[in-house]
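K.L.:
The structure follows.
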Ligand SMILES: Cc1ncc(COP(=O)(O)O)c(C=O)c1O
């Protein structure tokens, strides 16, 4: 972590930083006495796995977002893998994913032997483009993974398109705890939704973690089995699964954080309003503001400018997924997804998290106000 002393003297393109100014990070994991007590209590119970904390966390999370069932697991990536297995997706199948997202959205498909088919993003909202999705549906398409990118809910048309083609809709809600689309929370929009509790996310669990939710009653039982070697109540493995279980300590911390999530997301919304962002928000939806991004033709200068003010900023997904080396053999590796190619490297995220103090928010506002981009 950069210290105050290291920061003093940063002068690139601006006033020297004052010695008492601390760096403003893009994310600040929350930790308080209640989280600590919950973690210690789970540890001292001696029940470190497969206990009451994970069970309760799943139930409370499902209740909170309006899903039928939710099962905690080890990461957002594990949640996506479980979603693939739950829908029996494998070799010969295709799953449509956005070209601009964290790579795990696509690799989850590849890891089960299926083919991710990359669709372009919308120019206004940066989520997967429904028209492009529709044009890429074939007889092999089993599902679409829509990502609520940066916390912006994906288009409601995805639901209609999937229903009309008889395919499943998976939400990659890793960045969207608390987002709302047409009255439904992220987690209750698709057939299955996958959340991440990576420390920078809207809520976390004091380590790695994820959650899979479903709105389909017939998937709920299987979901519980999948994260535990596909075993049923008699401990017989009835289908292929593995150990994706969340530890009791992480679940206990997650339960405390879940109590704060609504107020944290409200604070993210207030902060984004304060920062007078220009992001267009989809109609009938509420953004969860995991990231607030500035679209700039000069992303490197924007990052240096914020750096000179002691504010972290970064481009999260400069390379569209199809162009990553891991997809060098993919049929779309050299293809252009025009909006992805145009936009992905230009989206600079700046801090919007709920732990920003009034003074820090003001510093970001001032930086934006005095900027020339
Ligand atoms: C959109 C998206 N999908 C999936 C993931 C994977 O989550 P995890 O890091 O918990 O495996 C992330 C996390 O960064 C993400 O942002």
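K.L.:
Out of region 293-328, which residues are touching a residue at least 40 places away in the same chain (Cβ under 8 Å), within 15 Å of the ligand (Cβ to nearest atom) and assigned to a strand (DSSP E or B)?
P.N.:
Within region 293-328, 293, 314 meet the criteria.
K.L.:
Can you pull out the residues in region 160-200 that are surrounded by 24 or more Cβ atoms within 10 Å (Cβ to Cβ) and in a loop (DSSP other than H, G, I, E, B)?
P.N.:
173, 174, 175, 176, 177, 178, 179, 186, 187, 189, 190, 197
K.L.:
Right, next: When the residues of region 174-200 are narrowed to those that are within 8 Å of the ligand (Cβ to nearest atom) and touching a helix residue (DSSP H, G or I) at 6+ places or on another chain (Cβ under 9 Å), which ends up farthest from residue 77 (Cα to Cα)?
P.N.:
175
K.L.:
Considering only residues that are in contact (Cβ under 8 Å) with a residue 60 or more places away in the chain and either outside the structural domain of residue 175 (by TED's automatic domain parsing) or assigned to a helix (DSSP H, G or I) (or both), which ones fall in region 143-159?
P.N.:
150, 151
K.L.:
Quick test for you: out of 266, 272, pick the one residue that is part of a helix (DSSP H, G or I), under 21 Å from residue 174 (Cα atoms) and in contact with a strand residue (DSSP E or B) (Cβ under 7 Å, 6 or more places away or on another chain).
P.N.:
272
K.L.:
Which one of these is at pLDDT 95 or above, in a strand (DSSP E or B) and surrounded by 19 or more Cβ atoms within 10 Å (Cβ to Cβ): 367, 349?
P.N.:
That would be 349, the only listed residue that is at pLDDT 95 or above, in a strand (DSSP E or B) and surrounded by 19 or more Cβ atoms within 10 Å (Cβ to Cβ).
K.L.:
May I pose another question? Is it fair to say residue 118 is within 16 Å of the ligand (Cβ to nearest atom), under 30 Å from residue 330 (Cβ atoms) and assigned to a loop (DSSP other than H, G, I, E, B)?
P.N.:
So residue 118 does not fit the description; no.
K.L.:
Can you give me the number of residues within region 60-77 that are away from the ligand (no atom under 16 Å from the Cβ), farther than 15 Å from residue 220 by Cβ and not in a helix (DSSP H, G or I)?
P.N.:
0
K.L.:
Here's another thing I want to ask about it. Does region 126-141 include one or more residues that are more than 20 Å from residue 65 (Cα to Cα), within 15 Å of the ligand (Cβ to nearest atom) and not in a loop (DSSP other than H, G, I, E, B)?
P.N.:
Looking through region 126-141, at least one residue is more than 20 Å from residue 65 (Cα to Cα), within 15 Å of the ligand (Cβ to nearest atom) and not in a loop (DSSP other than H, G, I, E, B).
K.L.:
Give just the number: which of (1) away from the ligand (no atom under 13 Å from the Cβ); (2) over 23 Å from residue 292 (Cα atoms); (3) in contact with a strand residue (DSSP E or B) (Cβ under 7 Å, 6 or more places away or on another chain) does residue 157 not satisfy?
P.N.:
Unmet condition: (3).
K.L.:
Looking at (1) surrounded by fewer than 24 Cβ atoms within 10 Å (Cβ to Cβ); (2) part of a helix (DSSP H, G or I); (3) within 16 Å of the ligand (Cβ to nearest atom), find the lone condition where residue 80 falls short.
P.N.:
Against the list (1) surrounded by fewer than 24 Cβ atoms within 10 Å (Cβ to Cβ); (2) part of a helix (DSSP H, G or I); (3) within 16 Å of the ligand (Cβ to nearest atom), residue 80 comes up short only on (1).
The values are calculated or read from the model by the stated rules, or taken from the named source; none is laboratory data. All figures in this text were calculated on a predicted structure; none of them were measured in a lab. All Cβ positions, even for glycine, are placed from backbone atoms using ideal geometry, and neighbour counts span all protein chains on display.
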